[in-house]
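The values are calculated or read from the model by the stated rules, or taken from the named source; none is laboratory data. Computed from a predicted structure; not experimentally measured. Heads up, the Cβs are rebuilt from the backbone with ideal geometry, glycines too, and the neighbour counts pull from every protein chain shown. Only protein heavy atoms, including side chains, enter the accessible area calculation; ligands, DNA and RNA are left aside. Shrake-Rupley method; radii C 1.70, N 1.55, O 1.52, S 1.80 Å.
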Amino acid sequence: MKRKQIAALFFAVMLGLTSLAGCGSSGGDSDSDGSAQNPADSAESGQAGTDSGENAAASDGEVVELTFMGWEASPMETASVTNGIKIFEELHPNIKVTYTSGLSGTEYTAKLLSSAASNTLPDIMFMQSTDYRTFASKGIIMDITDRFDTEFPLSDFIDSSAQIMDINGKVYGVSSCTVMPIIYYNKDIFDAAGIEYPSSDPNDCWTIDEFRDIAKKLTTDEIYGCYGFESDGMWPALTNANNGHYFSEDYTAANFDTKENREVFEVIKALRVEDGSAPDAATLESVGMSAAQMLQTGKVAMLCDGSWALQELAATGMNLGMAPLPSFANASSSGQAHLHCISAKTSHPEEAWEFIKFLSGEEYQGDLIRSGLWMPNRHSWYTEEGLDKWYNEEVHQDCYMEMLDYFANAQADERAFQMNNACADAIKEEIELYLKEDKDLGEAMSSAQSRVDAVMAEE
């Protein structure tokens, strides 16, 4: 299905489904027709835990114990999760939630898959957006499409979050928030160099040529002008800004080896190799600092990083500024985040759903947005009334608030729509070879394209 059609179809399907929400269905869809269009429909585990007898403990006043698994992005995030669980348990004294955090990335995916194979999957889990469709296709996570209603409407989610949640008109997880790359900068370095701060208005933001020029002017023997563009998490947003893509419009083939994408990766490498404005990763390792610490201490003037970095940077008290990514053809970013999913085999689907609703609600999610870790993923939270629920003057400066439309209208990160992580891994591996000067860009792009097509052909 083409990108421009996804949101329209999604909400059309959901309009019909919300009228059925009062029928009391508690789990997976019973109208399975075995179609590959809805891969998890035919999974035998999709209806597990939906029998009313499964929830007798809750109705009898006994305590239901839920297991919950995620990863630790930062100690502050884990503390927020723990505090949120305490609030939920106070609101639901008949439910106890045990949280386990571990490694992220491929290690986390492997842990979930092994747990699913051994029937030890937690009741609720963080789900990486790049794993979401794979787990749904295997019947590991519950179909929760009919859980959405006027009280918890799908239409309130911003497009990037809604599109990621949607799998051919069905939903298997709730988007936790939205996060995306932006530019952070150290105002003190700009002031010392006599350079005007960049505009935070996405309709009047800097071009990539202007960004490169400023980065070079800020670079000295002690300061690098910028850092972060060589991280693969930033690439989808940068290619979006040049009308580039990773995949075809229906996500069934690679569309990576293009003129638009080549231009982006040429600039990314040029910032370090030609301009001398960016350090390589080894430099950070040698000084023993994270990128955020380099920005805070004035070793780096500008940092391209995820919106989640605001929590840490705001806590430092540094003289911080924020701006949209520099534009190539347009001002754009890419939004995504993990989802909260329920195991298809949970014995407590009702209690698990109550917990997922809490994790997506104002009390829990609002706290994480106020801290700067997350960004709101609901249209209603971008209204004047909605802003009052999370705006934090100590965290969200005027420059941040000027980017609200930029956040709400970001494109969905295309990596979330592939069924196999090997696609994104192939692109990452090939481009890193180019950036490390071990491979010509044309060869790397062509190889990435071929590898992605080969992975998709096997599905």
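Below, the figures for the structure above:
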| read-out | value |
| --- | --- |
| Test: residue 131 is open to solvent by less than 10 Å² (accessible area, probe 1.4 Å), among the acidic types (Asp, Glu), touching a residue at least 60 places away in the same chain (Cβ under 8 Å) and farther than 15 Å from residue 352 by Cα | yes |
| Failed item, numbered, when residue 431 is tested on (1) open to solvent by less than 40 Å² (accessible area, probe 1.4 Å); (2) modelled with pLDDT under 95; (3) aliphatic (A, V, I, L, M) | (2) |
| Selection from segment 238-247 of residues that are more than 19 Å from residue 421 (Cβ to Cβ) and either open to solvent by less than 30 Å² (accessible area, probe 1.4 Å) or under 18 Å from the mean Cα position of the chain (by Cα) (or both) | 238, 240, 241, 242, 244 |
| Residue under evaluation residue 250, criteria (1) crowded, with 22+ Cβ neighbours inside 10 Å; (2) modelled with pLDDT under 95, criterion not met | (1) |
| Qualifying residues in segment 77-93 (those that are touching a residue at least 40 places away in the same chain (Cβ under 8 Å) and of a type outside the set (A, V, I, L, M, F, W, C)) - the one most open to solvent (accessible area, probe 1.4 Å) | 83 |
| Extreme residue, nearest to residue 439 (Cα to Cα), among residues of segment 271-280 that are assigned to a helix (DSSP H, G or I) and either open to solvent by 30 Å² or more (accessible area, probe 1.4 Å) or without any contact (Cβ under 8 Å) to a residue 24 or more places away in the chain (or both) | 273 |
| Contacts under 6 angstrom Cβ, first residue in segment 186-199 being touching a residue at least 60 places away in the same chain (Cβ under 8 Å), partner part of a loop (DSSP other than H, G, I, E, B) and hydrophobic (A, V, I, L, M, F, W, C), 6 or more apart | 198/206; 199/205 |
| Pairs, first among the polar types (S, T, N, Q) in segment 369-394, second open to solvent by less than 10 Å² (accessible area, probe 1.4 Å) and outside any loop (DSSP other than H, G, I, E, B), C-beta under 8 Å, six or more apart | 377/157; 377/160; 377/161; 377/175; 377/178; 377/335; 380/386 |
| Search result, residues across segment 329-359 that are part of a loop (DSSP other than H, G, I, E, B), in contact with an Asp or Glu (Cβ under 7 Å, 6 or more places away or on another chain) and buried (at least 22 other Cβ atoms within 10 Å of the Cβ) | 346, 348 |
| Top-ranked residue in segment 94-114 [being under 18 Å from residue 127 (Cα atoms) and of a type in the set (A, V, I, L, M); ranked as most open to solvent (accessible area, probe 1.4 Å)] | 103 |
| Odd one out for residue 125, checked against (1) surrounded by fewer than 22 Cβ atoms within 10 Å (Cβ to Cβ); (2) in contact with a helix residue (DSSP H, G or I) (Cβ under 7 Å, 6 or more places away or on another chain); (3) part of a strand (DSSP E or B) | (1) |
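One line per residue, one yes/no per condition, for (1) open to solvent by 10 Å² or more (accessible area, probe 1.4 Å); (2) within 14 Å of residue 356 (Cβ to Cβ); (3) assigned to a strand (DSSP E or B); (4) in contact with a Phe, Trp or Tyr (Cβ under 8 Å, 6 or more places away or on another chain):
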| residue | (1), (2), (3), (4) |
| --- | --- |
| 143 | yes, yes, no, yes |
| 152 | yes, yes, no, no |
| 162 | no, no, no, yes |
| 190 | no, no, no, yes |
| 195 | yes, no, no, no |
| 203 | yes, no, no, no |
| 209 | yes, no, no, no |
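So that you can scan it fast, the table gives a plain yes or no per residue for (1) in contact with a Lys or Arg (Cβ under 9 Å, 6 or more places away or on another chain); (2) open to solvent by less than 10 Å² (accessible area, probe 1.4 Å); (3) outside any helix (DSSP H, G or I):
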{"residue": "221", "(1), (2), (3)": "no, no, yes"}
{"residue": "256", "(1), (2), (3)": "no, yes, yes"}
{"residue": "266", "(1), (2), (3)": "no, no, no"}
{"residue": "269", "(1), (2), (3)": "no, no, no"}
{"residue": "282", "(1), (2), (3)": "no, no, no"}
{"residue": "286", "(1), (2), (3)": "no, no, no"}
{"residue": "301", "(1), (2), (3)": "no, yes, yes"}
{"residue": "314", "(1), (2), (3)": "no, no, no"}
